[in-house]
Every structure is written in C-alpha cells, then in structure tokens.
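All remarks here apply to the structure that follows.
The values are calculated or read from the model by the stated rules, or taken from the named source; none is laboratory data. Since we're looking at a predicted model, the values are computed, not measured. Using ideal geometry, Cβ is built from the backbone for each residue, glycine included, and neighbour counts are taken over all protein chains shown.
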Amino acid sequence: MSLSSIYEIKRGDILLAHPLISDDDFNKTVIIIADNQDESVTGFALNKLSPFTLKDALGDDWPEFPILIGGPVERDALFFIHTCANLIPNSEHIINDIYWCGDFEIMKNLVLTKQIDSTEITFFIGYSGWSLSQIQEEIHEESWAVIKESASVGIGFDSDLYNSLKAYSPESFRIWDNSPDKIELN
C-alpha cells in the first residue's frame, strides 16, 4: 500500500507534533491543515503565540488582536483564519465553520469597525508548508500524528491545546508525555 493511500491529508485535519521533535518551529505544535493541493499541504500552528499584535504589525488603527506564528514559511506575510465566511467574500472552507483568507479589504473594514472580534478571527505570521511526499514521509516516521477532522479545535490561541489533544495521539507518542521540552539538554 502506498503512503498516499495510508496518509491522506485533508483540510481540517490536525497535525500533532511528536513530543520529541526538537525543532523550535514545531516543538509541541498543533497545526490545522488549511489547504491541500495535489502536491502541497498548508497549515497554521494554533498554539504558537508571537510577541506581536495587529497594532504592532499594521499600525495604530488596528486593534490589539494577538498574532500567532503559523509556521516557518513566509514569516513576513500575514494570514488569517476565521468563522465569518458570510461576511468575508472569497473565503476558503477548511472544516465546519472555519475558513481561511478571503477579501483582505473587506476583512480589514470589518475588524476596524468592530464588526468582527478576536473570537471570530485569528491572524498568523507565516505558515507551515510541505510537499505532499514530505508530509507523508514525516507522518510515516511518526514525526506527526494526524487527528482526523477534529470538530473540537477552535481558531483562537490556546496555550494548553497540545496537552488537551494528547489523548488523541498514538501510544508511541503518549509514552513521552512527561518528557521535558528540550530533552537533548538532559
């Protein structure tokens, strides 16, 4: 059986990093898959808070909404996921009522006029991206556990999200639950 048939990644799937990943970009990271093309996969880390707010990044007119670090790719670009597809045209469906991107100018107007608040939209600098074969290999090597179409994950920052999803991880992950963040320092 090929890797592609075993490890089919879909929009809305959640990737949970193996507890021993030492790469700071992915250590104890939870990623929602926002898009999967024929040869690539795009997602956003839901539990990596940046030190910046929208006001810091875009100017004084913008609110102090937090910005998350979506991943190591294009950290000079801003992305967003939201639950406002009825208000933001050209939004791409992820799962349930979660969407990504859409018309930036309309979103901007809605945020600035307080028609959308921080519980309805989350901003990211950068994203996580892989070729399809790369993510399939990483899953095969157990660098990631795939949680299929998890309806329990929201779009807002949750510092404890990784711990709350560990129950869905495979046994090979759970035996490392109590390992320190930087195991190589032991």
Per-region count, segment 9-21, residues over 14 Å from Glu138 (Cβ atoms) and part of a loop (DSSP other than H, G, I, E, B) = 4
Mind checking whether some residue in segment 78-94 is in a loop (DSSP other than H, G, I, E, B), of a type in the set (A, V, I, L, M) and touching a residue at least 40 places away in the same chain (Cβ under 8 Å)?
-> no
Pairs, first more than 18 Å from Asp158 (Cα to Cα) in segment 13-31, second part of a strand (DSSP E or B), C-beta under 8 Å, six or more apart | His18/Trp144; His18/Ala145
If Leu110 passes every condition in (1) buried (at least 19 other Cβ atoms within 10 Å of the Cβ); (2) touching an Asp or Glu at 6+ places or on another chain (Cβ under 6 Å) but one, which one does it miss?
-> (2)
Tally the residues that are in a loop (DSSP other than H, G, I, E, B) and under 17 Å from the mean Cα position of the chain (by Cα), restricting the search to segment 43-64.
-> 3
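Hey, among the residues in segment 44-66 that are more than 18 Å from Lys114 (Cβ to Cβ), among the hydrophobic types (A, V, I, L, M, F, W, C) and touching a Phe, Trp or Tyr at 6+ places or on another chain (Cβ under 6 Å), which one's surrounded by the fewest Cβ atoms within 10 Å (Cβ to Cβ)?
The qualifying residue surrounded by the fewest Cβ atoms within 10 Å (Cβ to Cβ) is Leu49.
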Got a number for residues in segment 24-42 being within 17 Å of the chain's Cα centre (by Cα), over 21 Å from Asp160 (Cβ atoms) and modelled with pLDDT under 90?
-> 1
